[in-house]
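Report on one structure; see the data block that follows.
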Amino acid sequence: MAMQFAQLESITSGTILQLSQDRKITYLITDSRKPMVAEKAVFFALTGKRHDGHQYIQHLYNLGIRQFVVEKAIDVSQFPLANICQVSSTLSALQSIVAHHRSAFSIPVVGITGSNGKTIIKEWLYQLLEGDRNIVKNPGSYNSQIGVPLSVWGIAPHHQLGIFEAGISTRNEMQRLEKIIQPTIGIFTNIGTAHNEGFQNQTEKIKEKLKLFRNVTTLIYCADHSDIAPQIQQQKIPSLSWGFHSAADIKIEKNLPDYSVQYKGNSFTITLPFDDKASVENCFHCISLLLYFGFAGPAIQQKVNLLRAIPMRLELKQGVNRCQLIDDTYNNDVAGLKISLDFLNGQQKKKKTVILSDILQSGLTELELIDQVSILLKSYPLYQFIGIGPVLSAQQNQISLSAKTHFYPSTEAFLQSLDTTQFEDELILVKGARAFQFEKIVSRLQRKIHGTVMEIDLNKMVNNLNYFKSQLHTGVKLMAMVKAFAYGSGSEEVANLLQFHQVDYLGVAYTDEGVDLRKNNISLPIMVMNPAEENFHSLLAFSLEPAIYNLKMLTAFCHFTEGKQAALHIEVDTGMHRLGFDESDLPPIISLLRTNPQLKIASVFSHLAGADESTHDNFSKEQFEKFTRFYEGLSQALKIRPFRHILNSPGILRFPDFQLDMVRLGIGLYGVNPTEEEFNQLVPVATLKTIISQIKTIKAGETIGYGRKGKASSEMKMATIAIGYADGFSRSFSQGRGLVLVRGKKVPVVGNVCMDMTMIDVTGTDAHEGDEVILFGPDLPLQEVAQRIQTIPYEILTNTSERVKRVFFAESI
């Protein structure tokens with residue numbers, strides 16, 4: 001399956017300008033800001049109206065990229081170690097290379113196109129089939145002329161099924177994507193007005209989309225879409241139709257809350273976990289594919305029960321003042337608006353409000369568009385309509401509704417005048433094209449208080465900090481790690497506390513974490529553990545100090561800082577084998593640093609791989625010796641003595657002789673003992689708690705939750721609590737593996753943990769609705785919680801979602 005660079009000449013009809021070494025091709029790079037610096041990477045110098053990838057070839061070569069596909073003539077003598085292929089179009093070359101790669105695989109591939117629902121159907125199919133097949137699919141909505149080849153390149157020998165969506169905006173695009181995806185099965189979702197400007201009419205757009213399916217064995221579509229069905233029949237594409245239409249191959253009858261399905265003489269009833277038109281249509285596309293694959297009704301029902309919401313389009317969220325929000329800020333066209341309004345109308349709240357942006361690229365004149373929107377809005381019983389955008393504002397007199405109406409020329413204008421008290425007990429559809437950034441509106445209207453909170457006791461944190469300080473030799477400095485949202489506790493607040501108590505350094509994982517701290521008045525020195533070259537400007541602008549771990553990054557940082565003073569940290573790999581320089585790298589490191597006096601080495605450090613367990617003590621000592629050799633070699637050659645540090649939290653507790661000049665305090669600050677030994681001086685600082693939303697009596701034999709995984713063996717008092725895996729309460733706690741505290745008693749999780757809720761068995765307790773429930777805390781230690789699902793306390797803490805409100809308290813600090 002492997003492709004060699006020398007093959008590109010025949011695959012792309014290009015010319016190899018230079019072949020320094022015929023290397024394999026593993027990674028395809030199109031964005032110079034996100035390079036995969038690897039020997040087997042190839043950079044495609046794409047050109048466009050506002051960009052030219054050829055401008056970044058030298059930069060990428062300096063980083064270590066050694067294979068390039070170009071359109072323009074370049075001086076190959078400047079890149080003596082590079083493989084370079086010149087083609088007429090780098091985009092076409094990218095597509096041809098991936099099409100060749102795709103041809104090497106004979107797995108079934110599902111191609112999906114249509115105006116709406118592509119991503120949801122793709123993601124749902126993945127959810128439905130991931131347990132049965134190894135699946136490759138587009139990441140997110142990578143469905144463009146560049147996104148599709150980057151996605152399809154991911155097909156590997158272990159994959160058993162491909163699922164790829166394809167999007168187009170004008171004619172003559174789909175045939176290129178068809179050659180890349182080469183689908184064997186197709187799904188045509190629906191047709192709407194999006195990108196109408198790229199086509200003469202709707203029929204032309206349908207025909208263009210159908211080019212994706214010219215070689216499929218079966219095309220799945222909804223027979224109820226009268227404009228799509230005739231074109232499929234006319235082109236004689238082998239098909240499998242579903243619908244409420246009598247002529248459909250898979251006949252659906254609505255018998256709410258169920259649906260009756262008839263196919264090939266068999267029939268079954270299925271219940272869907274939703275009833276809005278958009279979700280029903282998307283789900284039956286998926287069900288049709290499952291039937292095509294031979295799944296029986298009961299198996300399909302079991303799979304459908306496990307469907308999870310996709311974090312885009314038509315998401316229902318809690319809003320201010322007892323409102324609910326339908327977050328549909330993904331795109332906006334007339335057909336999509338109707339689907340969203342159907343979803344809105346299917347909800348129970350009586351007061352329904354719509355916040356709508358201009359519809360872009362509809363292909364209609366302003367008056368035609370406004371007329372369609374107005375007619376559509378009139379079809380639904382709205383309480384309030386808010387139009388945002390220059391077109392809606394200019395044409396507001398053409399929109400005559402019985403609902404209250406307000407118009408604003410821009411999102412900013414609306415936000416400036418927004419008084420959230422004007423919304424109360426409403427169901428609000430927020431639908432806007434991406435350009436309008438309606439996520440800002442959702443953020444303002446979304447309810448900020450969560451029934452689940454993490455309480456952080458700052459007094460206990462100070463206690464832990466002082467304990468670790470007491471273990472240090474005189475003069476040893478302390479770096480506190482506040483990466484990963486301060487281990488889930490809240491970076492800004494924790495950093496302020498640490499600065500007040502005069503720690504010497506802070507450590508973060510990424511540049512943006514350090515930038516946020518600087519913006520919140522944190523002035524301590526900050527080391528960035530995982531810097532990226534595209535963030536070098538921010539590092540210097542905010543006085544952040546990168547941890548440099550390889551020669552490519554060191555070279556790039558040297559070039560970037562020419563004429564500018566900067567501090568850095570040298571990371572050494574002494575056996576962790578994660579990141580870091582090897583001892584063999586010393587000569588080039590020394591050479592680079594000698595010729596770049598603008599750089600100051602703030603520290604040299606390494607990581608102990610097994611400091612928490614005594615069984616690895618000999619290995620830890622070997623690591624320390626390797627680190628000492630590296631440090632001495634570097635410091636003697638450069639005649640400097642930067643700080644040395646190798647100990648993390650367990651190392652501080654177990655290896656006092658290895659403290660050197662500085663130590664790094666992480667999980668221990670939060671009261672977690674990361675060793676196998678007892679250190680009772682540490683006290684947990686975090687308590688995760690939620691509330692009981694509802695209590696029910698479950699009869700013996702009844703089942704509970706998705707998949708019916710919970711079952712009452714006898715009459716059960718069951719409580720639903722306001723936390724789920726979206727909050728960081730892992731699904732691994734399902735079916736009794738997790739315990740929580742209710743009124744001081746440990747009670748088990750029942751059934752599967754849901755996205756936002758979890759069911760627990762409170763039989764035998766005096767639990768009431770609204771009672772507090774402890775997920776972890778002083779009486780339910782993190783270690784015990786982690787052990788129940790065979791993980792570590794670090795994961796439990798850092799998995800707690802940022803949507804869970806942090807509450808900080810202290811008597812005196």
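Here are the numbers:
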quantity	calculated
Qualifying residue in the stretch 7-18 (condition: open to solvent by less than 40 Å² (accessible area, probe 1.4 Å) and either in contact with a Pro (Cβ under 7 Å, 6 or more places away or on another chain) or modelled with pLDDT under 95 (or both))	no
Close pairs (7 angstrom Cβ cut-off, 6 or more residues apart or separate chains): farther than 12 Å from residue 772 by Cα in the stretch 685-704, of a type in the set (Ser, Thr, Tyr) and open to solvent by 40 Å² or more (accessible area, probe 1.4 Å) anywhere	700/713; 700/714
Members of the stretch 632-641 that are open to solvent by 10 Å² or more (accessible area, probe 1.4 Å) and in contact (Cβ under 8 Å) with a residue 12 or more places away in the chain	633, 637, 638, 640
Number of the condition not met by residue 664 [criteria: (1) surrounded by fewer than 16 Cβ atoms within 10 Å (Cβ to Cβ); (2) touching a residue at least 60 places away in the same chain (Cβ under 8 Å); (3) among the charged types (D, E, K, R)]	(1)
Test: residue 115 is at pLDDT 95 or above and either open to solvent by 20 Å² or more (accessible area, probe 1.4 Å) or closer than 30 Å to residue 285 by Cα (or both)	no
Pair list, Cβ under 6 Å, 6 or more apart: the stretch 275-300 residue aromatic (Phe, Trp, Tyr), other residue crowded, with 17+ Cβ neighbours inside 10 Å	284/242; 292/240
Test: residue 629 is farther than 30 Å from residue 740 by Cα, of a type outside the set (Gly, Ala, Ser), surrounded by fewer than 15 Cβ atoms within 10 Å (Cβ to Cβ) and in contact with a Ser or Thr (Cβ under 6 Å, 6 or more places away or on another chain)	no
Residue list for the stretch 375-406, restricted to those being open to solvent by less than 20 Å² (accessible area, probe 1.4 Å) and over 19 Å from residue 328 (Cα atoms)	399, 403
Residue 88 surrounded by fewer than 15 Cβ atoms within 10 Å (Cβ to Cβ), under 25 Å from residue 181 (Cα atoms), at pLDDT 95 or above and in contact with a helix residue (DSSP H, G or I) (Cβ under 9 Å, 6 or more places away or on another chain)	yes
Within the stretch 407-445, considering residues that are of a type in the set (Asp, Glu) and in a loop (DSSP other than H, G, I, E, B), the one least open to solvent (accessible area, probe 1.4 Å)	426
Identity of the residue in the stretch 658-678, outside any loop (DSSP other than H, G, I, E, B) and hydrophobic (A, V, I, L, M, F, W, C), that ends up nearest to residue 624 (Cα to Cα)	658
Residue ID - modelled with the highest pLDDT, chosen from residues in the stretch 756-813 that are over 30 Å from residue 679 (Cβ atoms), open to solvent by less than 40 Å² (accessible area, probe 1.4 Å) and in a loop (DSSP other than H, G, I, E, B)	762
Conditions (1) surrounded by fewer than 19 Cβ atoms within 10 Å (Cβ to Cβ); (2) closer than 21 Å to residue 556 by Cβ; (3) over 35 Å from the mean Cα position of the chain (by Cα); (4) not aliphatic (A, V, I, L, M): number failed by residue 62	(3)
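The values are calculated or read from the model by the stated rules, or taken from the named source; none is laboratory data. These figures come from a predicted structure and were not determined experimentally. As a convention, Cβ positions derive from the backbone with ideal geometry for all residues, glycine included, and neighbour counts pool all protein chains shown. For the accessible areas, the whole protein counts, side chains as well, though only heavy atoms, and no ligand, DNA or RNA atoms are used. Shrake-Rupley method; radii C 1.70, N 1.55, O 1.52, S 1.80 Å.
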